[in-house]
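Engineer: I'd like to ask some things about the structure below.
No lab work stands behind these numbers, since they all come straight from the coordinates. Not measured: the values here are computed from a predicted model. Positions of Cβ are generated from backbone atoms using ideal geometry, with glycine treated the same way; all protein chains shown enter the neighbour counts.
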Amino acid sequence: MLALCVDDERLGLEALKRVVSSVPQVTGTAAFENESEALLWAGHHRPDVAFLDIQMHDMGGLMLAQ
């Protein structure tokens, strides 16, 4: 399972990535502080699951999910 983690706070993102990566079913984890970079990556890699911060600088997690 490929996971995407997006959070504009570095420490939160690092902690989230560490926890998500520890799940045995997760074969790859991509982490981004920038929503636009995450969106571009997701368009090419199609993650199976996404963990998104709701409130971020440019677009929120709900908008990013759409």
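Engineer: Using only helices, what value at 222 nm comes out for the chain when you add -39,500 (n - 2.57) per DSSP H run of length 4 or more and divide by the total residues, to the nearest 500 deg cm²/dmol?
Structural biologist: The helix contribution divided over the chain gives -12000 deg cm²/dmol.
Engineer: If amide hydrogens are placed 1.01 Å from N in the peptide plane, which non-local residues have theirs closer than 5 Å to the one on residue 31?
Structural biologist: Long-range HN contacts for residue 31: 5.
Engineer: Work out the FRET efficiency for residue 1 and residue 37 from their Cβ-Cβ distance, taking R0 = 25 Å, and round it to the nearest 0.05.
Structural biologist: 0.75
Engineer: Expressed as a rounded percentage, what relative contact order does region 1-50 have, with Cα pairs under 8 Å and six or more residues apart?
Structural biologist: 53
Engineer: Where does the chain land on Rg(C-alpha)/(2.2 N^0.38 Å)?
Structural biologist: Compared with the compact-globule rule of thumb, the chain sits at 1.01.
Engineer: Further, regarding this structure: Calculate how steeply helix 10-21 sits against the longest principal axis of the alpha-carbon atoms of the chain, using the helix alpha-carbon long axis, and give the answer as 0 to 90 degrees to the nearest 10.
Structural biologist: Long axis of 10-21 versus the principal axis of the chain: about 30 degrees.
Engineer: Expressed as an acute angle from 0 to 90° and rounded to the nearest 10, what is the orientation of the C-alpha long axis of helix 35-45 relative to the principal long axis of the chain?
Structural biologist: 50
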